[in-house]
Structure formats: structure tokens, C-alpha cells
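Chemist: After the C-alpha cells below, expect a handful of questions from me.
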Amino acid sequence: MIVVIDYNVGNVRSVCNAFRHIGCDANLSCEPSDIESSAGLVLPGVAAFGYAVSALGTLAELIKKLTLSGKPLLGICVGYQILFDESSEYGQHNGLGLVSGRVVPLPAGRTVPHMGWNLVKLPEDMDLFGGLGKEKHFYFAHSFYADVTDSQAKIAYTDYGFDFPASVQKGNIYGTQFHPEKSSKSGLKVLKNFAQICEGTNS
Amino acid sequence: MLAKRIIPCLDVKDNRVVKGVHFLNLRDAGDPVELGTRYSDDGADELVFLDITATIRFRKTIVELVESVAENVFIPFTVGGGFQTVEQIDELLRSGAEKVSVNTAAVRNPDLIAEAAQRFGNQCVVLAIDARPVRNSRTFKLIRQDKISNGARRSKANPDSPQHRKASFGDALGQWQVCVKAGSETTGIDAVEWAVEGEKLGAGEILLTSMDADGTKAGYDIELTKAVSDAVNIPVIASGGAGKLEHLYEAIVDGGADAVLMASITHFENYTVKQMKEYLAGRGIPVNI
């Protein structure tokens, strides 16, 4: 069972719907016991960074503990951004610090938010993108991006006038700035791959 | 490179998709979930659902519709129509909508944009602006009366006629004002200034509808689209008037739109989303195909 963490931010239901659509067992929950017994965790998020971190509250420490002991974690959009050390969205806020890097505004000189379908270059060694070829369009909607400084992280980039990280993988920690649950067939494949990673870890 | 978006718009009334001309003379266009699924399968980049009955009070039906769409459609969708509070926006986002558009409520209470942006992030807040040239406001009322009294689509004020188009788009002042309550009330607020203000408050996107062009299939209001696109740094969705494939190209290239929204030409099957994308790709526009 994959648990999609329900922490009072938008869009949590869409992630569950997408997993169910592809035949994966996923439930929304904020119960520590469900989170502990899950095969993998998804941290979704449509929210501002500071709001998301405070909404997560005491679950943050539990998620960190379980992730550091090997449970697969997929952060999506703001759920991806809070994997990093800190963000400057509406003030300075600390993230979970699971991946080194800072969440900063997209640089001036382009339309912000970065909203819509952009082409992501998919490295062969990133597990989320198995079976998807060299590049695919995914749906983005964000004004901040993660400046990843973690030397252990594998990174997939997209081009928005400059190359920025669209997805990271650091061991069992996965994150996508884009929304796989809203990225049609390619996005559903990413979720399918994550579900298989969770199965593999627990079998 | 970021792709330009094709966004079918589904105006929903009493759980059916409807489409009119200048927001009037509504025709039934099908079941919202069925139609949304069809557009998604056909390659639509996003969908917009506007509940055109909900301006007076928040309706439970729209939440149920959002839930049902979210269970079946795996592309982003925006929902709009009469939402007044951050709590209502929260409920719609939690039900599966990617973004919520605000229109009348934001004009009355601009802080709603700021409150929603700070809580959910700018990318969730779409400011919908229904605009029309200031000088044509009186004409528009006359057209409406004419339509109502004749009960006919083909009158002297036929929106498809070249004369009407000239009257609508040849406005020398180039000033547009914001209309609210599904276009039924003018506000005297300058549409371009309101877009700029909306961006400052935290809107992540402008859904810009030319009321004069709406449903006419005579082309987007390129001047209006360009005026707003030039004035803001957030994405602008051009809306109202798509009838031919060239119109989409014009809105993107001449109007500077990041996305094009259409209803009549997809609902009544003049063109599929796939045809639109192939056409744009053939003319060098980046699209997701």
C-alpha cells in the first residue's frame, strides 16, 4: 500500500486517483500508523512552501525517519520542494533537508509561473523514467525551483531559458517539480514506476 | 521549451456543457465528464470548467463535478464560477482541481487573490477577466435587446457579420473595461490595469475573455490580448472568438498569448485538439504532441 500523505494541502486527491487509475493500491492518510506500515510514501502538494511545511507539522520528523531508513518517498511539486533545505517563498522557511539545495524564485526575464507542458530530458539511470525514452513533456506549475547542490542526487533537467532540475533521485528519495498525476500518459507511467520501486523495496 | 497550450473550455450549467454567443443563446454540448475525457484523450493540455450557474451561491454540484472529472481526467483543469472564499477554493483544490479561477468575487474583494495565493501558491489562482471595449458597452446592450426581442440568431446585429466585427474591434481608444456577473454588469475598471493589479496581488495566470468575440468564431481580440500580455509577466490565456486554426496562431504570435482557449469549435466538432496542434506545430509553434 502506498500512502499519499494527507496534510491539508490541495491536490491530494488527484494523486490517489491517478494511482488507482493505473491499478495501484494507494490511500490518503495522515495517520502515523498508516504511514509507518506503508510500502512507500507520496508527499503531494499544491500550496505555498511555508504553509505546506507548517501543515505537515509533527509528521515531518516521522517522514524523515522512515525515509532515512529506506522507505521510498516521492515528493511532488511543493512536496518535492520541501525535500530540500530551505525556501524563500513568502519569507524564509526550512524544509526537510533530505536533499541538499535551496528553493529560489525562477530568474527574471521569463513568464512566471512556469506554467504548462515542458520537455524533460530523462537520464537513463533515473528509476522513475524507465520505459519513457529520452525526453517527454510533463505538466509544470510553479514560480520557484530547487537549486540542487547535493552531489549524491541524480537530476533530470528541463529548459526554461536555462536548464533547471525537473526531477531528482537520491537513493530511495524521489521528487518531481512537475505533476505526474496531471501529465497524462507519461505522468501515469512515472507513478507506475514509483509503485514498482515500492513493491521492489518491500518484496 | 515550454509548449503553447490548447485549452478546451466547458461552460457548465445544470450539469451539462453549454455554449452560447456573447454569453447568450446557450446550446447543449454534452456531458462535462464525457467531453472532458474526450478532449484529454485527444491531447488537450488543460481543461477549464466554468460553472455559469454558480455566481449567486456556491453549489455542491460543482464540487461533485470536480471530483468526477478528477477521477477520470489526468491533465490539469481549472474550475471557475462564483467562488467567494478561500475555504471554497480549498474545497475545490482538495476535490482535484489544479487551479481555481476567480472573477466577480475578486473584483469585489481583491484581497481574495492575495489570500488564496499565499495559502495555495500563485499557480493555483487564475484571474478571469471578461473584457469589452468601453465605447461598445452601450452598443452591446442594444444588441442584446435586439436579440431578445427578435428571438433570432440572424439579425442585423449578427455577430458573424463583418460590420459587427468592425464595430467591435475597430475601437480607436483601445480601452477595455472589466465586466462581472457573467458579463451582465460593467464595472468601469480598466481591464489592462486590473490584470496588472491581479498579478501584483498574486494571481498566477490571466484568463482573458473578449466578450464581444465570445462565441462568434470571428477570431480572438488580438489587440486586447496583446495589451494584457505586454502588461503582465504571468501567462495569459486568450479566450473568446476562436473559429479557425489561423485564429489560434494569431493569438499566440500576434497577441502574445501563452495558451489559447476555445469552446464552440471543439464542442461542435469543427476541429479536434489534435488537428489544432498539428497545425500549430506545422507553423513552428512549440506544442506538446
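Chemist: Criterion first (under 22 Å from A:LYS170 (Cβ atoms), hydrophobic (A, V, I, L, M, F, W, C), crowded, with 17+ Cβ neighbours inside 10 Å and within 14 Å of chain B (Cβ to nearest Cβ)) does A:PHE49 satisfy it?
Modeler: Yes: the conditions hold for A:PHE49.
Chemist: Follow-up question, since we're still on this one. Please specify each residue of segment B:3-23 satisfying the condition of being away from chain A (no Cβ under 14 Å), under 28 Å from B:PRO235 (Cα atoms) and not in a loop (DSSP other than H, G, I, E, B).
Modeler: Scanning segment B:3-23 gives B:PRO8, B:CYS9, B:LEU10, B:ASP11, B:VAL12, B:LYS13, B:VAL17, B:VAL18, B:LYS19, B:GLY20, B:VAL21.
Chemist: Moving on to the next point. In segment A:59-94, which residues are within 25 Å of B:VAL86 (Cα to Cα) and in a loop (DSSP other than H, G, I, E, B)?
Modeler: A:CYS77, A:ILE82, A:SER88, A:GLU89, A:TYR90, A:GLY91, A:GLN92 - these are the residues of segment A:59-94 that are within 25 Å of B:VAL86 (Cα to Cα) and in a loop (DSSP other than H, G, I, E, B).
Chemist: Would you be able to tell me the number of residues in segment B:245-274 that are of a type in the set (Gly, Ala, Ser) and in contact with a Ser or Thr (Cβ under 7 Å, 6 or more places away or on another chain)?
Modeler: 4
Chemist: Right, another one. Can you name the number of the only condition in (1) within 11 Å of another protein chain (Cβ to nearest Cβ); (2) out of contact with any Phe, Trp or Tyr (no Cβ under 7 Å at 6 or more places or on another chain); (3) buried (at least 20 other Cβ atoms within 10 Å of the Cβ) that B:GLU71 fails?
Modeler: Going through the list (1) within 11 Å of another protein chain (Cβ to nearest Cβ); (2) out of contact with any Phe, Trp or Tyr (no Cβ under 7 Å at 6 or more places or on another chain); (3) buried (at least 20 other Cβ atoms within 10 Å of the Cβ), B:GLU71 breaks only (3).
Chemist: Checking the structure you have, find out if any residue of segment A:115-124 is acidic (Asp, Glu), without any contact (Cβ under 8 Å) to a residue 60 or more places away in the chain and more than 19 Å from A:ALA48 (Cβ to Cβ).
Modeler: Yes, the conditions are met somewhere in segment A:115-124.
Chemist: Also, quick follow-up: Just the residues that are part of a helix (DSSP H, G or I), under 14 Å from the mean Cα position of the chain (by Cα) and either among the acidic types (Asp, Glu) or more than 12 Å from A:ILE76 (Cα to Cα) (or both), please, taken from segment A:166-187.
Modeler: A:GLU181
Chemist: Looking at A:LEU96 and the list (1) more than 14 Å from every other protein chain (Cβ to nearest Cβ); (2) more than 24 Å from B:ALA117 (Cα to Cα), which single condition is not satisfied?
Modeler: Failed condition: (2).
Chemist: Continuing with the same structure: Going by the structure shown, is A:GLY79 within 14 Å of the chain's Cα centre (by Cα), more than 14 Å from every other protein chain (Cβ to nearest Cβ) and buried (at least 16 other Cβ atoms within 10 Å of the Cβ)?
Modeler: No; evaluated as a whole, the condition is false for this residue.
Any read-out appearing in this document is the output of simple, stated calculations on the displayed coordinates, not a laboratory observation. Computed from a prediction, not measured in an experiment: that's the story for all the values here. Positions of Cβ are backbone-derived with ideal geometry, glycine not excepted, and every protein chain shown enters the neighbour counts.
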